[in-house]
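The values are calculated or read from the model by the stated rules, or taken from the named source; none is laboratory data. Note that this is a predicted model, so its numbers are computed, not measured. Methodologically, a virtual Cβ is constructed for each residue, glycine included, from the backbone with ideal geometry; neighbour enumeration extends over all protein chains shown. For the accessible areas, the whole protein counts, side chains as well, though only heavy atoms, and no ligand, DNA or RNA atoms are used. Shrake-Rupley method; radii C 1.70, N 1.55, O 1.52, S 1.80 Å.
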Amino acid sequence: MTNATDPRPLYREALTWTTGLIEKVRGDQLTASTPCTDFDVRTLLGHLVATVERARVIGEGGDPGTVPLVVTDIPGDGYTDAYRSAADRMWPVWTDDSRLDATVTAPWGTVPGRAAIWGYINETLVHGWDLAVATGQPSEARPELAEAVLAVARHAIPAETRGGHVPFADVVDPHPTAGPTERLANWSGRKSI
């Protein structure tokens with residue numbers, strides 16, 4: 001991927017994949033643990049909604065810190081609607097091509113808009129993988145999508161700078177049969193539960 005690549009189609013695909021996973025979460029799975037040790041399924045779902053809200057605020061030129069890390073006022077059967085609604089509010093902000101090169105404030109620093117979107121594609125796929133593993137769903141997105149994001153993640157999230165202000169655990173060595181989405185999750189320090 002290059003600095004001129006438009007990441008919006010990949011973000012849309014990642015959101016669609018993750019929406020499909022959210023739709024299949026059962027009420028009895030909301031308290032299950034996930035590979036993201038900070039979140040159970042319910043908290044992870046609320047965090048996924050928050051990431052889309054943060055992407056909207058960033059695109060508007062705002063401070064993503066004004067959006068909570070986890071949206072908590074969603075009923076157990078309302079996560080799919082909340083996620084779709086957040087995406088519906090977010091996309092109009094990013095339709096203007098100039099937003100891709102505009103300087104924005106992301107949680108990890110001041111970056112071009114396209115870099116912020118790449119960060120949220122990564123977060124969407126990794127947390128989608130977390131959700132799929134926790135709820136027993138197929139955990140691989142389209143291979144080309146995950147490979148593209150993994151290539152960017154390897155550059156943007158170096159293995160040497162983990163911990164402290166970089167919210168990623170050490171890279172996990174992937175299983176020999178791991179697909180690209182699992183390898184992306186491993187790069188973010190995740191391993192299956």
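Structure notes:
- Asp88/Thr31 FRET efficiency (R0 35 Å; Cβ-Cβ; nearest 0.05): 0.75
- Cα centroid separation - the range 122-193 against the range 6-46, whole Å: 14 Å
- Were the residues from Asp63 through Asp38 laid out at 0.36 nm apart, the gain over their Cα-Cα distance would be 6.7 nm.
- The range 81-193: equivalent-ellipsoid semi-axes (sqrt of 5 x gyration tensor eigenvalues, Cα, Å): 25, 19, 13
- Expected 222 nm ellipticity per residue - DSSP helices of 4 or more, -39500 (n - 2.57), all of the chain, to 500: -15500 deg cm²/dmol
- A compact globular protein would have a Cα radius of gyration near 2.2 N^0.38 Å; the ratio found for the range 1-109 is 1.12.
- Averaging the sequence gap over all C-alpha pairs within less than 8 Å and six or more residues apart, then dividing by the number of residues, gives the chain a relative contact order of 24 percent.
- Residues whose amide H comes within less than 5 Å of that of Ala106, counting only those at least five positions distant or on another chain, are Val111 (H built at 1.01 Å from N in the peptide plane).
- Rounded accessible area of His175 (nearest 10 Å², 1.4 Å probe): 110 Å²
- Neighbourhood charge, 14 Å Cβ-Cβ cut-off, centred on Ala185 and excluding it, Lys, Arg +1 and Asp, Glu -1: -3
- Computed from backbone phi with θ = phi - 60° and the Karplus coefficients 6.51, -1.76 and 1.60, the 3J(HN,Hα) list for the range 43-50 is 5, 4, 4, x, 6, 4, 4, 4 Hz; x is used for glycine and proline.
- In order along the range 72-86, phi translates into HN-Hα couplings of 10, 9, 10, x, x, 9, x, 5, 4, 4, 5, 5, 4, 5, 4 Hz, rounded to whole numbers, per the Karplus curve 6.51 cos²θ - 1.76 cosθ + 1.60 with θ = phi - 60° and x for Gly and Pro.
- Rounded to the nearest 10 Å², the accessible area of Leu69 at probe 1.4 Å: 90 Å²
- Listed residues Thr177, Thr43, Thr80, most fluctuating in the chain (Gaussian network, C-alpha, under 10 Å): Thr177
- Model label points for Glu147 and Asp101, set 7 angstrom from Cα along the Cα-to-Cβ axis, are 3.0 nm apart.
- Equivalent ellipsoid semi-axes, the chain, via Cα gyration tensor eigenvalues times 5, rooted, Å: 23, 21, 15
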